[in-house]
Amino acid sequence: MRRIAALAFAIALGGCATQFYGSPKVDKGPAGCKTACDAWGMELAGMVKMGEYSDGCICQVKPAASAAPSGREGASIPAAAGVYVQMQAAAAAAANEQEMQRHGTIPAPIGVR
C-alpha cells in the first residue's frame, strides 16, 4: 500500500513541472513588438505588462485598404437609426392612444361623425 502511495505521489510531482522558453520580456519594448507584429503581417495594437517579470505584445489584423465602409457595412448604421426612430414613434403613438382611452377621448374613425 505504501509503494502505491509513493508511486502516485512521485507521478503527481512529475506532472506539475512547467517550463518556459524564450525571454519573458520583449526585446526593445514597443519597437520589438512592432517588428514581431510586422513579421506576422499584423499591426501593433498594444502591449501588456504582467508584473515586474513579464510583458507581451498585442497584435491585430491590419484593416482593409478602403477607409470608408461600403456596401452592407456602410448601410447598416443609417438603417439601424431608421429602425430605432420608427420604434420610438410607434411607442409614442401607443402611449398616446392609451392616454386617450384612459380619459375617454377616443377619436372617431375617419369619415364617421
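The values are calculated or read from the model by the stated rules, or taken from the named source; none is laboratory data. Quick caveat, the model's predicted, so the values are computed rather than measured. Backbone-built Cβ (ideal geometry, glycine too); neighbour counts: all protein chains shown.
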Positions within segment 55-86 being over 30 Å from residue 39 (Cα atoms) and modelled with pLDDT of 80 or more, in sequence order: 86
message: Looking only at residues that are assigned to a loop (DSSP other than H, G, I, E, B) and polar (S, T, N, Q) in segment 1-54, which one is modelled with the lowest pLDDT?
response: 18
- line: Of the listed residues (102, 113), the one being farther than 30 Å from residue 26 by Cβ, at pLDDT 75 or above and loosely packed, with under 10 Cβ neighbours inside 10 Å is 102
